[in-house]
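Scroll down for the structure; my scribbles are underneath it.
Any read-out appearing in this document is the output of simple, stated calculations on the displayed coordinates, not a laboratory observation. Quantities reported herein were computed from a predicted structural model and do not represent experimental measurements. A quick note on method: Cβ atoms are made from the backbone with ideal geometry, for glycine too, and the neighbour counts reach across all protein chains shown.
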Amino acid sequence: MEPLVSSGPRSGVPHATWRRRVLRPGDGVFLELAGSHDRYHAALMRAVWMGPPPAEAARMMDVAERALDAALSAMRPGIACSVPHEAAQAVIDAAGYTEAFRKRIGYSMGAAFAPDWGEGAILSLFTGVGRLMEPGMVFHLPATLRSYGHYTVGVSETVIVTEGGIEVLSDLPRQMTIR
């Protein structure tokens, strides 16, 4: 799948792609892309702000980071796939952003072919999914919050479920980058 790069109001549209526009002070920039080796993918999402972000965007980013941490902390073998989603959703709901997060916290990844890097609808980290996590499963966890039509902030990680918990495949900083 092509990298998802959007800025300004287009960043507030799910899965929007780039357009020719000049970045201006006050613009949010949303990046989601994947690395690939022999068709195995690891996706990553980060947020950038051109200048200081609005207070609400900064608060939403903090909630997204905490929701991702909650989901990651809940992951280990033998746990239902619904548990990480419920942990993230509890953080988001407590902060008052239920309507800004209308999706699952994660989905399975593996060997993929165009047009997507995920495994489609094979396995979701979402409410009601009782399948137990097993060592060797790989998931992408995008914790994103949107002000629809204005901006998106968020952060993600791709993880492998291991015998003792999870292995996060990136060591990049998660906080919003300010330019």
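Our estimate of slack between Ser36 and Arg102, defined as 0.36 nm per intervening residue step minus the Cα-Cα distance, is 21.0 nm. Measuring between their Cα centroids, segment 147-179 and segment 40-54 lie 9 Å from each other. Against the chain, whose longest principal axis comes from its Cα atoms, helix 82-94 is set at around 30 degrees.
The helix-only estimate of mean residue ellipticity at 222 nm for the chain, built from DSSP H runs of length n ≥ 4 each weighted as -39500 (n - 2.57), is -6000 deg cm²/dmol after division by the residue total.
Around the Cα centre of the chain, unit charges on the Cβ atoms of Lys, Arg, Asp and Glu (plus for the first two, minus for the last two) sum to a dipole of about 720 debye.
In the chain, taking the dipole from charged Cβ atoms about the Cα centre, the farthest positive-side position among Val138, Tyr107, Val161 is held by Tyr107. When every Cα-Cα distance of segment 4-178 is counted in 10 angstrom steps from zero, the calculated P(r) takes the values 10, 39, 36, 13, 1 percent. Within segment 17-60, find all residues whose amide N lies under 15 Å from a label point positioned 7 Å from the Cα of Ala111 along Cα-to-beta-carbon. Under cut-off, by backbone N: 37-41. What's the longest piece of the chain with no exposed chymotrypsin sites (Phe, Trp or Tyr not before Pro), counting a site as exposed if DSSP puts it in a loop and it has at most 16 other beta carbons within 10 Å? The segment 19-112 is the longest one with no such site.
A simple spin-label model places pseudo-atoms 7 Å from Cα toward Cβ; at Ile160 and Arg59 they are separated by 4.0 nm. Summarising the strand pairing of the chain, around 95 percent of its internal DSSP beta bridges are antiparallel.
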